[in-house]
Amino acid sequence: MTLRDRLEWLSRMALMAFILASVAFLSALTAMRFAVQGREVAVPDLVGKPAADARRILQGRGVGMKVEDRIYSNFPVDAVVRQSPLPNMRVKTGQNAHVVLSLGPRSETVPQLTGENLRAAQIELLRAGMQAGEVSALYVPGAPAGDIVLQQSPTPGATAMSSPHVDMLVSLGPRPADYAMPDVTGLPLGEAEARLSAVGLKLWKLTPSAIPNAPHDSVVGQTPSRGQRVDPSMVIELRVAE
């Protein structure tokens, strides 16, 4: 073997060794990364700890931290009030722990909202540095209409609050009378409107329909259908022959 052939052979061997070493290194790196990502750790107890300390503790275990909400509490500002997962539960590294942080104690007094309409109650809350929370509405026999606040939580005068939101229950007034939808199919339009008016219903929508052999301006379809429970606020649609 000449010197040139020997040098070429050594070069090929060196290149092959380099390729094999690179493949082995990449395989080991990938395996290590999967092993780290798949490793499970126990979530520490974070409640009461400042947010910065909680984040640092979690990062030391390979877990991130995500702030989901902030509420009023007796904990200092930015201390962890709640956490998920709970302490000692195991999670994979790379995942997030979700926390709720404290806004500190709330000292403002909840205003009186009952008896106010919803819009006025919302304005009153804003003036007090609070916000409307969940608003529920229902029909109440004998109660005034117009979104009048019937109940609130927290109650008026409360100062121990865990949230800046005040939930309210408002009245829609008495439930509107409802009727059984009459069958007006086949009637002339004028007669159909009169029959609807007789039971307290108003015609809201007319839809022209091309129906062969149907008399002009006769009702060929209706929504809601016959017998369905309806009230004066519902949209009554009649399909009328052109």
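Data for the structure
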quantity	calculated
Strands (runs of 3 or more DSSP E) lying entirely in the stretch 65-177 (those with 2 or more residues that are closer than 14 Å to residue 47 by Cα)	80-84, 96-102
Within the stretch 76-127, tally of residues that are acidic (Asp, Glu) and out of contact with any strand residue (DSSP E or B) (no Cβ under 6 Å at 6 or more places or on another chain)	2
Number of the exception - residue 193 against (1) in the same structural domain as residue 72 (by TED's automatic domain parsing); (2) within 21 Å of residue 232 (Cα to Cα); (3) of a type outside the set (Val, Ile, Thr)	(1)
From the options 159, 223, 207, residue that is under 30 Å from residue 101 (Cα atoms) and either modelled with pLDDT under 85 or surrounded by fewer than 17 Cβ atoms within 10 Å (Cβ to Cβ) (or both)	159
Leading residue by the ranking (nearest to residue 176 (Cα to Cα)) among those in the stretch 114-163 that are touching a Phe, Trp or Tyr at 6+ places or on another chain (Cβ under 9 Å) and hydroxyl-bearing (Ser, Thr, Tyr)	163
Filter result (touching a Leu at 6+ places or on another chain (Cβ under 6 Å) and of a type in the set (Phe, Trp, Tyr)) within the stretch 66-85	72
Residue list for the stretch 208-242, filter: of a type in the set (S, T, N, Q) and within 30 Å of residue 175 (Cα to Cα)	222, 223, 225, 228, 233
Scope the stretch 217-242; condition more than 28 Å from residue 139 (Cβ to Cβ) and in contact with a Pro (Cβ under 9 Å, 6 or more places away or on another chain); matching residues	217, 218, 219, 239, 240, 241, 242
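The values are calculated or read from the model by the stated rules, or taken from the named source; none is laboratory data. These figures come from a predicted structure and were not determined experimentally. Here the Cβ is made from the backbone with ideal geometry for all residues, glycine too, and neighbour counts use every protein chain on show.
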